[in-house]
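As structure tokens, the structure follows; a few thoughts come after it.
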Amino acid sequence: MKILRFAAVGVAAALALTACSSGDDSPAETTKPSESAAAPEAATIKLWLNGTDTPDALREYLTTTFAAQNPGSKLVIEQQDWNGLVPRLQTALSSEDQTPDVVEVGNTQSATFTYAGAFSDLTSLYPELGGDKLLPGFVEAGTADGKVMAVPYYSGARAVFYNKDMFKDAGVEVPTTLADFTTVAKKLTTDKVSGFWFPGQDWYNGATWIYTNGGELATQDGDTWKGALESADSIKGLEQVQDLFKTATKAPADSDSNEPWVPFNQGKAAMFSAPTWARWSIDLPECNEGVAADDTSDDATAKRTKQQACNEEHTGVFAMPGLTADSFATAFAGGSNLGIPAKSKHQELAQNLLKIIFSADFQNQLGKNGLIPGNTEYATSMGDDVYAKAAIAAALGAKLTPAAENWATVEGDRILEDFFQKIATGADVTASAKAADQLISDALNK
Amino acid sequence: MAATAPTVSGTTTPSVPPLRRRRPKLGAYGLLVPASILIGVALGYPLVRQFVISFQEYGLKQQFGAPAEWVGLQNYTDLLTDSYVWTVIGRSVAFCFVNAIVTMVIGMSLAVLMQRIGRAARITLQVSLLLAWGTPVLASMTVWQWLFDTQNGVINWVLSHVLGIDSMAQHSWIIEPLSFFFVATVIVVWMSVPFVAFSIYAGLLQVPAETMEAAQLDGASARQRFWGITIPMIRPVLSIVLLLQVIWDLKVFTQIYVLQRAGAPTRDTNLLGTLIYSYSKEFGMAGALATIMLVLTLALTGFYIRQMLKEDEL
């Protein structure tokens, strides 16, 4: 089966190659928009968005605005699953006939495609889209060899959600330093309840301790990358991580960061850390009104509003504190970038779509929906409730994975999942870090 | 095979009859055309392509249009000098043989059982086997994953709540490589037993009752009849089924991949299939490893296939 599937990828690649060599007049070769050109030829363009992070109202706004601004043309939005996105893009983007015209790609996945030449150069469009105001870490992740290839769509900073009732029962307050966080988490932990939901493979959250203590996942020296988990700063963070694994969580070591709100909703965890949009997934039993998800009657809507208010009343949220009081931790930033596939035949229309996405109007709508917009100028649109405050505080210091060309290999080989799992099962931190560093260095310098 | 036979007789007598014979021969070749095209396109081309790529530096850049560079045997030497690749090859071969043998033993036992039990029981057994065989792999993998889940799994619940083994309440089945392969073996065997059981059962039905009766009259015990008559008679079936099992179990992918994603340590549990998949950005390496796997499969089964073909000729 596997051989066949690989061969199929090979065939797709072969077809893509022949398609590309025969079409000399293909727009893929001319990425610069022609200055003098009249309106581009009308066409239907495809936008790939991943998961359900972009709400329906925003999708509708895009399709209607695009149709209005580009008479005769149409925008179709196709939703892709985050799972298995990279292989899917690998095949789709290399085929002129199958490629979408604008794609969303996870920020840590960007480098894979920018260095491979899968995206068109957006350097000349970059100032018009927002220039320096765009989230700098994301722009860096979307830049290859000095050219901007992908631009930030949105960011979701991590914040800690907590059960207010459990805090009251245990007599603890919102922690003010990272060390305090561990103390609080330990106090909340009982036989059945995790003070902090921290599954063994959850390196997205684990990275917070490394970054905050001044450590890195990998560092660059000239042309070579080196795993940096064994540096003194990283080790300090990792020891705190192991302490949490040992004493403050009942989360299984063989589980990842997926859906941490499930144990929270079941009352099995007092705290979990996730992007702030997780607020919509909180569903405490004492607040559940038993409304069907597809019920759109007024009564159901009212009940849903009541339910959400109740959930938010029982749930608190704070940005992970830093090493000292009044500072914030450096968390791992989730989020995504947008790029125009080099093989798309509708470069100009695709650029028009990007202009709509980076318009003040759309950026503000992203903010209103709890996503940190790609253009930082519009971050205020997130409002000033506790969620927005926590999100913005966390986002200020947020950091991405190393902008290495081969970073996706590290994720693909699940090196960090394996590593954090080892830490969670009580392995020696320094020895495990050394072994993982070796694997990371090998993967990054291939 | 049969189509070539007339040629020999045709050359010895170049008169009228050969003409008559040649017509069906052409027809026979004609009938082979659709199948050949299908195999050529669906199997041959990818295989050639894989082979060619395995001698190239072929990654994402090349997929997006950069020229592929010939690197000779570089991919192969890189792989074969990596001790990790050898670990995975050893692991795969061991996993393959354990699974093939366990599957054969259980399949054989069920086939014999089917022959001995009453009609109602047999049909119940057959239907259950068919259901296990017919369930889509991913669907049944989800069920198995839930059964073995650390927190909410039925197996841990039964062990801790029903049988009272408290230490099993939060036991992780897949975090230790050996335990992981035990779970994987249970699943893979469960999925392949029905095929083996039915094939062998079909073979058993072909053993003539008269022979068995004669042996019984001669005083052969049930055990003697089974090992002395039944087994030799169904040997061709056993050979083919075992051969297929070895091939299938060597290239097992889905079950391992899903279990890994359920939270197992990936590097410690990779088999050849998942290792090739992990080279999804370096097609050159993936192609080379897939070719190595093909050679390995041929090496493991080549002797066996020759043996079977020989028996066929007799």
request  = For segment A:268-281, state whether one or more residues are assigned to a loop (DSSP other than H, G, I, E, B), in contact with a helix residue (DSSP H, G or I) (Cβ under 6 Å, 6 or more places away or on another chain) and at pLDDT 90 or above.
outcome  = yes
query = Got at least one residue in segment A:245-258 being away from chain B (no Cβ under 14 Å) and without any contact (Cβ under 8 Å) to a residue 60 or more places away in the chain?
reply = no
message = Residues that are closer than 30 Å to residue A:139 by Cα and of a type in the set (Val, Ile, Thr): does segment A:283-298 have at least one?
response = no
task = Please specify each residue of segment B:93-144 satisfying the condition of being in a helix (DSSP H, G or I), among the hydroxyl-bearing types (Ser, Thr, Tyr) and under 25 Å from residue B:272 (Cα atoms).
result = B:103, B:140, B:142
key: Number of the condition not met by residue A:262 [criteria: (1) of a type in the set (A, V, I, L, M, F, W, C); (2) surrounded by fewer than 23 Cβ atoms within 10 Å (Cβ to Cβ); (3) not in a helix (DSSP H, G or I)]   = (3)
query = Can you name the helices (runs of 4 or more DSSP H) wholly within segment A:62-136 that have at least 1 residues being within 11 Å of chain B (Cβ to nearest Cβ)?
reply = A:85-92, A:110-116
ask   = Which residues, counting only those in segment A:350-394, are touching a Ser or Thr at 6+ places or on another chain (Cβ under 6 Å) and part of a helix (DSSP H, G or I)?
value = A:350, A:356, A:364, A:367, A:368, A:387, A:391
task = Can you tell me which residue among A:268, A:236 is of a type in the set (Lys, Arg) and away from chain B (no Cβ under 14 Å)?
result = A:236
note = Looking across segment B:263-314 at residues that are among the polar types (S, T, N, Q) and in contact with an Asp or Glu (Cβ under 6 Å, 6 or more places away or on another chain), the single one that is surrounded by the fewest Cβ atoms within 10 Å (Cβ to Cβ) is B:278
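Residues checked against (1) of a type in the set (A, V, I, L, M, F, W, C); (2) under 19 Å from residue A:416 (Cα atoms):
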residue	(1), (2)
A:224	no, no
A:232	yes, yes
A:235	yes, yes
A:241	yes, yes
A:245	yes, yes
A:250	no, no
A:253	yes, yes
A:257	no, yes
A:260	no, yes
request  = Report yes if some residue within segment A:275-284 is charged (D, E, K, R), within 14 Å of chain B (Cβ to nearest Cβ) and either in contact with a Ser or Thr (Cβ under 6 Å, 6 or more places away or on another chain) or free of Cβ contacts under 8 Å to residues at least 40 places away in the same chain (or both); otherwise report no.
outcome  = no
Among residues of segment A:346-367, those that are of a type in the set (A, V, I, L, M) and without any contact (Cβ under 8 Å) to a residue 40 or more places away in the chain, counted = 1
remark   = Being of a type in the set (Ser, Thr, Tyr) and farther than 19 Å from residue A:253 by Cβ narrows A:425, A:409 down to just A:409
query = So which helices (runs of 4 or more DSSP H) stay within segment A:161-231 end to end and still have 2 or more residues that are surrounded by fewer than 19 Cβ atoms within 10 Å (Cβ to Cβ) and not aromatic (Phe, Trp, Tyr)?
reply = A:164-170, A:178-188
message = I'm trying to understand the selection: among the residues of segment B:245-288, which are facing another protein chain (nearest Cβ under 8 Å), of a type in the set (Phe, Trp, Tyr) and part of a helix (DSSP H, G or I)?
response = B:277, B:283
message = If a residue must be more than 20 Å from residue A:96 (Cβ to Cβ) and either within 8 Å of another protein chain (Cβ to nearest Cβ) or without any contact (Cβ under 8 Å) to a residue 40 or more places away in the chain (or both), how many such residues does segment B:60-72 contain?
response = 3
request  = Please tell me if residue A:115 is modelled with pLDDT of 90 or more, among the aromatic types (Phe, Trp, Tyr) and in the same structural domain as residue A:376 (by TED's automatic domain parsing).
outcome  = no
key: Selection status of residue A:72, surrounded by fewer than 17 Cβ atoms within 10 Å (Cβ to Cβ) and touching a Phe, Trp or Tyr at 6+ places or on another chain (Cβ under 8 Å)   = no
message = Looking only at residues that are surrounded by 22 or more Cβ atoms within 10 Å (Cβ to Cβ) and charged (D, E, K, R) in segment A:394-433, which one is nearest to the other protein chains (Cβ to nearest Cβ)?
response = A:418
message = Given (1) of a type in the set (Val, Ile, Thr); (2) at pLDDT below 90; (3) surrounded by 14 or more Cβ atoms within 10 Å (Cβ to Cβ), identify the lone condition not met by residue A:241.
response = (2)
task = From B:216, B:170, B:224, B:206, grab the single residue that is polar (S, T, N, Q) and either within 24 Å of residue B:100 (Cβ to Cβ) or buried (at least 17 other Cβ atoms within 10 Å of the Cβ) (or both).
result = B:206
query = Would you say residue B:292 is away from every other protein chain (no Cβ under 14 Å), hydrophobic (A, V, I, L, M, F, W, C), outside any loop (DSSP other than H, G, I, E, B) and touching a residue at least 60 places away in the same chain (Cβ under 8 Å)?
reply = no
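The values are calculated or read from the model by the stated rules, or taken from the named source; none is laboratory data. All values reported here derive from a predicted model rather than from experimental measurement. Every residue, glycine among them, receives a Cβ derived from its backbone with ideal geometry; neighbour counts consider all protein chains shown.
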